Amino acid sequence: MGNELLPFVVMVIVQLGFGGMIIISKLVMDGGMNPFVQSAYRPIFATISIAPFAYFFERKTTAKLTPSVLFQIFLCSIFGITVNQYVWFIGLTNSTATIASAIDNLIPAFTFIIAVPLGIEKLGLRSITGQAKFWGTIVCVGGALLLSLYHGKVVIGQLGFRWKYAESTGKDVNSAHSNFFLGPFLLIMCSLTYAIWLIIQTRVNEKYAAPYTCITLMCLMASVECVIIGFCVVPKRSEWALNPIRAISVVYNGAVSTSFVFFLSTWCIERKGPLYVSMFNPLLLVISAFLSWILLREKLYLGVVVGSIIIVAGLYGFLWGKKMETSADQDTEINKEKEEFNKIDLELQSPNSNA
């Protein structure tokens, strides 16, 4: 019982960590913090907080950091952090926390779309599992398009509770709907760049078995990239000043939602597998919708609700197909091993039978 409960609790904590990042990031950017400044600070604090894990857990690793691996880590820093952060933070500024968390569920679908032409995944439309993955992907993308293009009427209005700091930002979170297409479009691009990072990171993991050192190098490279780009776009020093809530935001985003959450997710993947971890993504949607409704007084629109439901349904359809495919592959491997064992056993018995 304890072995099943602990991973469940860990993944709930992971989603709470991501939910907190979305809410506090939305709050400070609505309060005037530039997304490029937010993007520059995050990998800096992530590097500082995750470096000790790399030192204590992997200082004696035998993995070799070749130029090829280093270049792939550099690509990971671009797609996984630098570009990914920019489109996510700017998209969040022009959207809502609920939409951002809903579109995050597109990542498995985009990963599948990219992996098929690269030969990493098989389409397999003749099998039920292949059809489940294919139609699950189509449904996910369709839900994202509906969420992006259709607004609709208000389903759940603003809560009467008022958080003083949220009011002091001077911006109504629901005014982001004036740019209703740009925000979701950038968030979709964020899911796409994250999927590209997953493909590259998988190759890195095969060649360099030191995940904490890898993520430390990736965050360090992204820190340099984001600071250079940030100062080019936002040259005023006053824009880089951190008041208490902004300081909390950048430290939280770097130390908690990047380093701590990565540590917990890695721990859970080692014990339960990546599919188990992916199944908790829709929980982030529920957490973000609830927190943004209470703390940011966000309204929920019909298009957002229906689109989110469709995305989650497509996600679980895709994950079901992936699970069935993995189980079938495992059964095939077991049968092959049995056949090889029986063949060897017969070869060993044949001299005795001739005698």
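The values are calculated or read from the model by the stated rules, or taken from the named source; none is laboratory data. Note that the coordinates shown come from a computational prediction; the quantities given were computed from them, not determined experimentally. For neighbour counting, all protein chains shown are included, and Cβ atoms are generated from backbone atoms with ideal geometry for every residue, glycine included. Note: areas computed on protein heavy atoms with side chains; ligands, DNA, RNA excluded. Shrake-Rupley method; radii C 1.70, N 1.55, O 1.52, S 1.80 Å.
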Could you run through segment 232-246 and say how many residues are in a helix (DSSP H, G or I) and more than 14 Å from Ile24 (Cα to Cα)?
6
Which numbered condition trips up Tyr150, out of (1) farther than 22 Å from Gly19 by Cα; (2) modelled with pLDDT of 80 or more?
(2)
Quick one: which residue in Cys214, Cys190, Cys226 is buried (at least 21 other Cβ atoms within 10 Å of the Cβ) and within 20 Å of Ala63 (Cα to Cα)?
Cys214
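This table checks each residue for (1) closer than 23 Å to Val87 by Cβ; (2) of a type outside the set (Val, Ile, Thr).
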position: Met218; (1), (2): yes, yes
position: Ala222; (1), (2): yes, yes
position: Val227; (1), (2): yes, no
position: Phe231; (1), (2): yes, yes
position: Arg237; (1), (2): no, yes
position: Asn243; (1), (2): no, yes
position: Ala255; (1), (2): yes, yes
position: Thr266; (1), (2): no, no
Checking the conditions here, which among Trp293, Trp197 is among the hydrophobic types (A, V, I, L, M, F, W, C) and open to solvent by 60 Å² or more (accessible area, probe 1.4 Å)?
Trp293
Could you tell me which residue of segment 51-68 is nearest to Tyr194 (Cα to Cα), considering only residues that are surrounded by fewer than 19 Cβ atoms within 10 Å (Cβ to Cβ) and touching a helix residue (DSSP H, G or I) at 6+ places or on another chain (Cβ under 6 Å)?
Ala51
If a residue has to be free of Cβ contacts under 8 Å to residues at least 24 places away in the same chain and among the polar types (S, T, N, Q) to count, how many in segment 184-218 make the cut?
1
Test set (1) in contact (Cβ under 8 Å) with a residue 12 or more places away in the chain; (2) of a type in the set (Gly, Ala, Ser); (3) part of a helix (DSSP H, G or I); (4) surrounded by fewer than 20 Cβ atoms within 10 Å (Cβ to Cβ) - Ser257 fails condition number:
(4)
In this structure, is Ser265 out of contact with any strand residue (DSSP E or B) (no Cβ under 8 Å at 6 or more places or on another chain), open to solvent by less than 50 Å² (accessible area, probe 1.4 Å), more than 30 Å from Gly32 (Cα to Cα) and in contact (Cβ under 8 Å) with a residue 40 or more places away in the chain?
yes
State the number of residues belonging to segment 275-303 that are in contact with a Gly (Cβ under 8 Å, 6 or more places away or on another chain) and under 13 Å from Ser101 (Cβ atoms).
4
Checking the structure you have, find out if any residue of segment 38-50 is open to solvent by 50 Å² or more (accessible area, probe 1.4 Å), of a type in the set (A, V, I, L, M, F, W, C), assigned to a helix (DSSP H, G or I) and farther than 15 Å from Ala222 by Cβ.
no
In contact with a strand residue (DSSP E or B) (Cβ under 6 Å, 6 or more places away or on another chain), under 14 Å from Leu147 (Cα atoms) and crowded, with 19+ Cβ neighbours inside 10 Å, is that true of Leu300?
yes
Pairs returned, first residue in segment 51-72 that is of a type in the set (Lys, Arg), second residue that is outside any loop (DSSP other than H, G, I, E, B), beta-carbon separation under 9 angstrom, 6 or more apart or interchain, are Arg59/Thr213; Lys64/Lys207
With the condition kept exactly as written, say whether any residue in segment 267-282 is under 28 Å from Leu27 (Cα atoms) and modelled with pLDDT of 80 or more.
no
Filtering segment 69-79 for residues that are over 11 Å from Leu217 (Cβ atoms) and either in contact with a helix residue (DSSP H, G or I) (Cβ under 9 Å, 6 or more places away or on another chain) or among the charged types (D, E, K, R) (or both) leaves a count of 3
